[in-house]
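First the structure, in the form of structure tokens, and then the observations on it.
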């Protein structure tokens, strides 16, 4: 409908509704849904992602985690509205800017979380429901309290990534190995510590004004954390890849996959070292070299796990 064909108040209401809907979509942060591709990791590692039933369950887990993550973003922005309005960048967020009312943000968050859990229950994926509820509880604790507590905030962020990786196996009924968990957990901790390190570098002396927990970290401590995690994830992955039994290890693909994995991890570490890894999803989506390495790793790993 053309707003010019309406009366002044009707046109304003129409434009206001459109802006609010766009604001709700922006608050859902669809760009960050790329993090949820981790749910495909366990089925891929088990070589079962080519089965239609497994692929369908993993895709369901992906959709549910997108819905759950967006629900948390709505609650987070509603809780942080005052702090965001004082931030030079975050004040443009729809809730902080007044485009999305607080009541709408809380309602969208509650509905999103409830819908994700309900659909998971109706789908009969009991273990996935447990993982999904655990994710929601950790994230709600994070946005309400833990994000202001040094070290525990990193643990909560890392737990969010790790639970995503576990969810794919839970949805498809695949047991995840201890080495898989070490690899996923170490990679998650690297991203979390790298995120905080980048924020610390960018904010400088005023870092505690934008995020309270940053004032408790030194740059050297955060650097130590992400470097230890980086070494851990590389070692764990290589041990995991070299231990895979693919036709008596005569096929080289699992071992070869460690090369692009190592290079991709080190390429991501360069972003952390430069202090521009505040948003992991942006790093992944905008670094073509990193995307190429990720694609190469996926090809090698898929060839190995599917027994080519």
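The values are calculated or read from the model by the stated rules, or taken from the named source; none is laboratory data. Remember, it's a predicted structure, so these values are computed and weren't measured experimentally. We place every Cβ from the backbone using ideal geometry, glycine too, and count neighbours over all the protein chains shown.
Worth a mention:
- Selection of region 76-103 for residues being in a helix (DSSP H, G or I), surrounded by fewer than 21 Cβ atoms within 10 Å (Cβ to Cβ) and in contact with a helix residue (DSSP H, G or I) (Cβ under 7 Å, 6 or more places away or on another chain) yields 79, 81, 84, 85, 90, 91, 102.
- Pairs where the first residue, in region 11-22, is surrounded by 13 or more Cβ atoms within 10 Å (Cβ to Cβ) and the second is at pLDDT below 50, C-beta under 6 Å, 6+ apart: 11/3; 14/3
- Residue in region 147-159 that is out of contact with any helix residue (DSSP H, G or I) (no Cβ under 8 Å at 6 or more places or on another chain) and either outside any helix (DSSP H, G or I) or at pLDDT below 90 (or both) present: yes
- The residue that is surrounded by the most Cβ atoms within 10 Å (Cβ to Cβ), among those in region 134-159 that are under 13 Å from the mean Cα position of the chain (by Cα) and without any contact (Cβ under 8 Å) to a residue 60 or more places away in the chain, is 157.
- Verdict on residue 127 being farther than 23 Å from residue 279 by Cα, in contact with a helix residue (DSSP H, G or I) (Cβ under 6 Å, 6 or more places away or on another chain) and part of a helix (DSSP H, G or I): yes
- Restricting the search to helices (runs of 4 or more DSSP H) fully inside region 193-308 and requiring at least 2 residues that are modelled with pLDDT under 90 gives 207-210, 219-243, 253-256, 280-286, 288-305.
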